[in-house]
Structures are given as C-alpha cells and as structure tokens.
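Single-structure report; data block below.
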Amino acid sequence: MLGLAGIPLGFQFRFLEPSAGCPAAIAGEVIPTDYDDLDGLARLVDGLAVATYEFENVPAATADWIAQRCDLAPSARALAIAQDRIAEKCAFRDLGIPVQPFAAVSTDAEAVHAARTVGGPCVLKTRRLGYDGKGQCVIRETGDAAVVEAVTRGWNSLGRVACILEAFVPFTAEVSMIAARGKRVHHANPIAFYPLIQNVHREGILFRSVAPAPCDPLGELACAAQGHVQRLMESLDYVGVIAVEFFVTDAGLVANEMAPRVHNSGHWTIDGAATSQFENHLRAISGMPLGPTGVRGACAMTNLVGTAPVTAEILAIQGARLHLYGKGVRPGRKLGHITLCAEDPAALARPLDRLDACLKWG
Ligand code: AMP
C-alpha cells in the first residue's frame, strides 16, 4: 500500500521481505532475504534516498545498520522503544501520557512481586514480538494469593520469556490516533493529525475501524489524544506516520501501545481521507509537504481475516471499496480490507449490515 501510494508521486521502491510471495512485488524490486543478511541489506540500501519499515519486528540491529548507511525514518530508536512493551510504557509515563499500573516479569520473584503490586484482574504479555493478541494471557482472578498463582502459571505458559504484567483496563471503547510528522522546515516540523478512530477487536485482532470515532461526538478525546501524540513525536524527534492506541475509560484515555509505522486502523484513509496515511508517510520521510488529513463524511474499515469474501457480493454493496493484498489464505491472516464511506455515521449502518452478512471471520 505504501508502494501503490508512492508510484503516482514518481517514487521508486525496493523492498526487503524474508518470506516468499511478497505482495509488494507489484510496486518495485523485491530482495527476498533475511533481515540479518548483510549482502541483501547492502543491495537494499544501495543508492536509496531514504529507508523505512512497515513491520515492527524488523530487528533493531538491522535498523541501526541501515541508519548508518542511509537516511532511516522513523528512527531506529522509535522502533526499539515500540519493540519493548516496558520501554514503551515508560516512554508514555515519562511524558505524562496516562498508562495503567504495570510491572516487569522476568524471574519467579518478579512474577510474585508484579502480581502483588499490579493486582487482578490483569494481563500478562510478552515484552517482545507480541501482536494481534498473541503472547498474552488474561488473568481474571482478584484475591492476592490467586493472582500470584495465576501470574506464575501464566508466565510458565508463555515460556518464561521476559513479560510485562498490566492491570486490566475496564475500557468503554478503544481508539487510535494516527499522525504524520514531517522533516524540519524553518525550525519546526509540520504535524498532521487524522480524525480519532474507534476500533473493535475480535480475539485480539482488529475487526473494524470507524472514523471519526462515534464515541467522541464532542472531539474531547481527539483533542487529548493529539496532545499525547504530539508530545511523543516531539520527544522522539519523530519523522513519518505514527499510530498510538488508547483505551477509553470513565477517567479518560489510557495509552495501550504505539506503532512507529502506518497502521491497520488507518487503512480507511486510502478511500476516506483527503490524503492517505501511506502517502503522508512517504511525504514525511522524503521531506515533502504533508497533505490534508480530513475525513470525507464517515468511514468504516473492516478487516478480512482468514477467509476472502466473494468479490461480486462485496462490490454489489453501495460505496464498498475492496482491497485484497495478494496473500496466501491462512487461518487468522489479514488478507485484505473493505472500506465503506458515507455522508455521515448514520448512513454507514445499512451498508455495514449488508457487509457483515457477506463475511466470515477467522
Ligand atoms: P495489544 O496486543 O496490547 O494491542 O492487545 C490486543 C487487545 O487486547 C487490545 O486491543 C485490547 O482489546 C485487549 N487488551 C490488551 N491489553 C489490555 C488491558 N491491559 N486491559 C484490557 N484489555 C486489554
């Protein structure tokens, strides 16, 4: 999707992708090699103006290697923070961005200590390499001894790797703020915010995103989220698109995690915003002016997970835009998405009902 956004701007792309059948091949040259293959990396950076990533688990050492040889945006530091849930939570907390109580777990003693300080209910997650709800275990117990026992059991079931224990957040909704920050022009970096997005997950995987967020009719949450994301981007001297996911609670926003890249909850911007997140990411990292980010009416993006729908059924729905990624079918895999745009949020209800009747999940 980055490649498709950049071709009309006259950009050329080279991609590095370890697994076979890379969907990006339609948009440029693919180097099919591992992230630590120095020959492949040398071919990747040869003559590049700028490098970027759209996958969080690119090893930090690879990002550092690239950054020493060509411009890399977002920075290797932003990637390293996003790869470690403890570093990420500490970065939020140090900037005054609200987070739930949390503690590190990497020994039996820490598991006991974390269980006692965080308490139940809580969520144990691997510090690294978790995504789409993988590497997580929800602990519903509440009594002191029961929580200690459940956390210890959960930590063993996650393979005793370094973890974070987070308090369970009783959220009323989940939202994300996506923003782009450009390179410095006249002593300041331009920033553009997309409307606040409301997200619904199924089994830890994003099912649907709606913009502007229906849970924020007065725009107060959007305003708070913008402040948090602006402080985060400025503290990291960030360049590119960033997404920060928040829980909405009675006491306001609680930050869940950041993605230093274009984000699934922003895929609706291809059809629904004045400039897509993909185009704005490319504009930001190549030092171009950012494009406007307003939503045209209201927009809903629905992920296609595990099963591809019948194309003709989707295209028969008024206003539906189908995006298939050209990936092989596998249970739980995101194969594409569908965007529905309408004049206003109420007008989305009927086409969304029709869409839901055509979809299978998983
Ligand atoms: P994550 O991988 O951290 O984005 O978690 C995936 C999903 O699990 C989130 O979008 C939430 O729906 C749920 N979740 C994760 N952490 C918590 C938490 N501390 N409290 C409540 N729900 C959570």
Across 20 Å bins from the origin, how do the percents of Cα pairs in the chain run, short distances first? 28, 59, 13, 0
Say R0 is 51 Å: what FRET efficiency, to the nearest 0.05, do residue 251 and residue 311 get from their beta-carbon distance? 0.70
Can you give me the distance in nm between label points at residue 108 and residue 55, each placed 7 Å from the Cα along the Cα-to-Cβ direction? 3.8 nm
Once every Cα of region 101-167 carries one equal point scatterer and solvent is ignored, give the base-10 log of I(q)/I(0) from the Debye formula at q = 0.13, 0.26 Å⁻¹, two decimals. -0.26, -1.09
Separation of the residue 161 and residue 346 label points, Cα + 7 Å toward Cβ, nm: 4.9 nm
Among 207, 169, 68, whose Cα sits farthest toward the positive end of the charge dipole of the chain (+1 at Cβ of Lys/Arg, -1 at Cβ of Asp/Glu, about the Cα centre)? 207
Using modelled amide H (1.01 Å from N, peptide plane; none on Pro or chain starts), what sits under 5 Å from the amide H of residue 249, excluding residues fewer than 5 places away? 172, 254
Region 101-167, relative contact order [Cα under 8 Å, separation at least 6], %: 48 percent
With a sphere of radius 11 Å drawn around the Cβ of residue 289, what net charge do the other residues whose Cβ falls strictly inside it have (Lys, Arg +1; Asp, Glu -1)? +2
Heavy-atom accessible area per residue - region 83-142, 1.4 Å, Å²: 48 Å²
Debye intensity ratio I(q)/I(0), log10, region 2-82, q values 0.13, 0.24, 0.27 Å⁻¹ (C-alpha model): -0.38, -1.32, -1.52
Among 282, 243, 96, pick out the residue whose Cα is farthest towards the positive end of the charge dipole of the chain, where Lys and Arg carry +1 and Asp and Glu carry -1 on C-beta, about the Cα centre. 282
Using every alpha carbon pair in region 147-233, what percent of pairs falls into each 10 Å bin from 0 up to the bin containing the largest distance? 13, 30, 27, 22, 7, 1
Looking at this model, which pairs from 89/134; 134/183; 89/183; 89/360 are more than 28 angstrom apart at the alpha-carbon? 134/183; 89/360
With runs of 4+ DSSP H residues as the only contributors, calculate the mean residue ellipticity of the chain at 222 nm using -39,500 (n - 2.57) per run, divided by the residue total and rounded to the nearest 500. -8500 deg cm²/dmol
One finds, for residue 322 and residue 145 with R0 = 56 angstrom and r their Cβ-Cβ distance, a FRET efficiency to the nearest 0.05 of 0.60
What part of the accessible area of region 2-82, given as a whole %, is carbon or sulfur when the probe is 1.4 angstrom? 53 percent
May I ask for the distance between the Cα centers of region 278-354 and region 172-248, given as a whole number of Å? 18 Å
Mean projected area (nm²) of the alpha-carbon convex hull when region 280-362 is viewed from all directions: 6.7 nm²
Leaving ligands, DNA and RNA out of it, report the carbon-plus-sulfur percent of the accessible area of region 173-358 at a 1.4 Å probe. 54 percent
Could you give the C-alpha radius of gyration of region 173-358 expressed as a fraction of 2.2 N^0.38 Å, taking N as the number of residues it contains? 1.03
Just the number please: accessible area per residue for region 2-82, 1.4 Å probe, all protein chains included, in Å². 53 Å²
Within region 101-167, what whole-number % of the accessible surface is contributed by carbon and sulfur, with the 1.4 Å probe and all protein chains included in the calculation? 55 percent
Determine the per residue accessible area of region 173-358 with all protein chains present and a 1.4 angstrom probe, expressed in square angstrom. 41 Å²
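The values are calculated or read from the model by the stated rules, or taken from the named source; none is laboratory data. These numbers come from a predicted model, not from an experiment. Ideal geometry is used to build each Cβ from the backbone, glycine not excepted, and the neighbour counts take in all protein chains shown. These accessible areas exclude ligands, DNA and RNA; they are computed on the full protein's heavy atoms, side chains included. Shrake-Rupley method; radii C 1.70, N 1.55, O 1.52, S 1.80 Å.
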